[in-house]
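Please read the structure below before turning to the comments.
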């Protein structure tokens with residue numbers, strides 16, 4: 001049996017009812033955890049352990065009485081992670097409950113009975129700016145912003161009312177099934193997570209570090225500092241190698257897993273093949289146990305100022321390759337986004353357990369903060385033959401939950417306090433019944449480029465990778 005659930009209720013929080021010193025001390029009195037136990041931890045973890053009791057620690061295994069590396073989910077042999085860039089849940093899936101009858105229970109953008117958008121932020125002059133459908137599938141350049149300061153301003157002390165002040169009206173844009181038919185089709189058929197958050201209020205690099213190492217190790221921004229800050233307790237790849245579990249980081253020239261120095265070594269050169277190898281591996285039924293699949297980040301990641309339909313076509317191609325693979329019958333695919341990209345979401349991120357004692361490595365001008373709160377919600381869809389039909393997860397999760405699912409599969413010890421106490425995402429699956437999606441459902445096609453680009457051009461926008469000639 002797995003170790004007992006964390007009693008501090010940090011996984012089901014919807015606002016600010018997270019870990020407090022009072023609840024910690026109360027739990028500590030019940031548990032009788034000694035400081036001597038905390039002293040046995042590595043130096044970087046001790047200050048956290050001094051306050052937290054009955055909380056799983058770095059190194060703790062999902063199944064303490066089983067050996068590390070032992071398979072606990074024999075139904076799943078292949079885990080595929082596709083992480084796109086820079087969009088909030090409301091920005092991509094906010095209209096899901098209003099467009100798909102079967103998804104009416106999803107916590108998307110609030111609208112009136114007449115369909116009027118109710119989500120609103122005030123600009124710096126006090127003028128209301130409501131959520132609105134984006135004028136095209138092309139994004140503005142440089143906005144909205146999602147840097148450390150902009151993210152904390154957007155959070156607004158828990159009111160989520162600073163997005164427009166941080167980035168202007170563009171922050172209130174959203175897209176829907178007309179723009180993203182494949183994504184909406186996928187989210188209509190397979191489970192979605194409506195309380196899946198980024199791991200911190202920050203940019204791409206810190207959030208992607210959480211995905212593979214359970215912490216940003218102080219990194220707050222997407223800049224070159226990340227390449228000189230190793231993961232103090234290593235990455236999931238170190239553990240996979242240790243137990244001879246196969247993995248690959250497929251890419252179109254740049255693997256996002258390289259945000260942590262030391263992930264790439266000469267011995268691991270074969271673990272970083274190009275994207276065409278992924279499609280070949282999928283077609284031949286030779287996917288590794290763990291796959292990270294990255295787009296071309298300048299054109300198909302969906303970051304601004306890109307055309308979001310370029311990324312939509314990439315996602316559709318990857319998902320279809322997995323579903324048509326001989327490996328599909330034993331696969332779990334996680335589709336998500338690294339952070340909110342500065343776009344509005346109406347659900348305030350709850351408090352989170354700090355991954356370690358490393359504070360944010362702030363630079364001049366960055367507002368004070370800590371890694372004790374999740375980032376804003378981001379889209380999350382889980383596709384697998386064993387996926388629960390019609391399911392909507394309302395469990396608080398973040399990128400370290402995907403990490404925890406990998407750890408859960410092979411009983412791997414946690415890297416930090418964050419992944420140690422993360423939910424393992426097994427709620428998206430039903431392993432007791434016949435697989436509901438052994439034969440993949442029919443999904444909508446990704447859109448052709450032409451119509452979307454025509455509207456972009458009419459607005460004077462030419463996204464990166466635009467295949468049409470300049471007139």
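Where a number appears in this text, it was derived from the coordinates with a stated rule and is not lab data. Worth saying up front: this structure is predicted, and the values here are computed from it rather than measured. We place every Cβ from the backbone using ideal geometry, glycine too, and count neighbours over all the protein chains shown.
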**Message:** So if I take the alpha carbon set of the chain, get Rg, then get Rh from the Kirkwood formula, what is the Rg over Rh ratio?
**Reply:** 0.95
**Message:** Along each principal axis of its Cα atoms, how long is the range 409-471 end to end? Whole angstroms, biggest number first, please.
**Reply:** 58, 36, 17
**Added length on full extension, which subtracts the Cα-Cα distance from 0.36 nm per residue, residue 225 to residue 434** = 70.4 nm
**Request:** Give, in nm to one decimal, the length gained when the segment between residue 283 and residue 101 is fully stretched (0.36 nm per residue of separation minus the Cα-Cα distance).
**Result:** 62.1 nm
**Request:** Just order 120-131, 239-250 by mean Cβ neighbour count inside 10 Å, highest at the front, would you?
**Result:** 239-250, 120-131
**Complete:** Rounded to the nearest whole number, the Stokes-Einstein translational diffusion coefficient of the range 240-283 at 37 °C and 0.692 mPa s (Kirkwood radius, C-alpha pairs) in µm²/s is 292
**Prompt:** For residue 361 and residue 427 in the same chain, what is the full-extension length gain: residue separation times 0.36 nm, less their Cα-Cα distance, in nm?
**Reply:** 20.3 nm
**Request:** Between residue 445 and residue 71, take the C-beta separation as r, use R0 = 45 Å, and let me know the FRET efficiency to the nearest 0.05.
**Result:** 0.80
**Complete:** The equivalent-ellipsoid semi-axes of the range 198-334, taken as the square roots of five times the Cα gyration tensor eigenvalues and listed largest first in whole Å, are 25, 20, 13
**Fill in**
Ranked output for segments 264-276, 402-414, 68-80, 351-363 by mean other Cβ atoms within 10 Å, highest leading, reads 402-414, 351-363, 68-80, 264-276
**Estimated translational D of the range 334-471 in µm²/s (Stokes, Kirkwood radius over Cα pairs; 20 °C; 1.002 mPa s)** = 113
**Message:** Can you give me the C-alpha center-to-center distance between the range 430-445 and the range 73-151, rounded to a whole angstrom?
**Reply:** 26
**Request:** List the extent of the Cα atoms of the range 54-203 along each of their three principal axes, largest first, rounded to whole Å.
**Result:** 60, 36, 30
**Prompt:** When the helices in the chain are scored as -39500 (n - 2.57) per DSSP H run of 4 or longer and the sum is shared across all residues, what 222 nm value do you end up with, to the nearest 500 deg cm²/dmol?
**Reply:** -7000 deg cm²/dmol
**Prompt:** Peptides 453-459, 182-188: what's the order by average Cβ count within 10 Å, highest mean first?
**Reply:** 182-188, 453-459
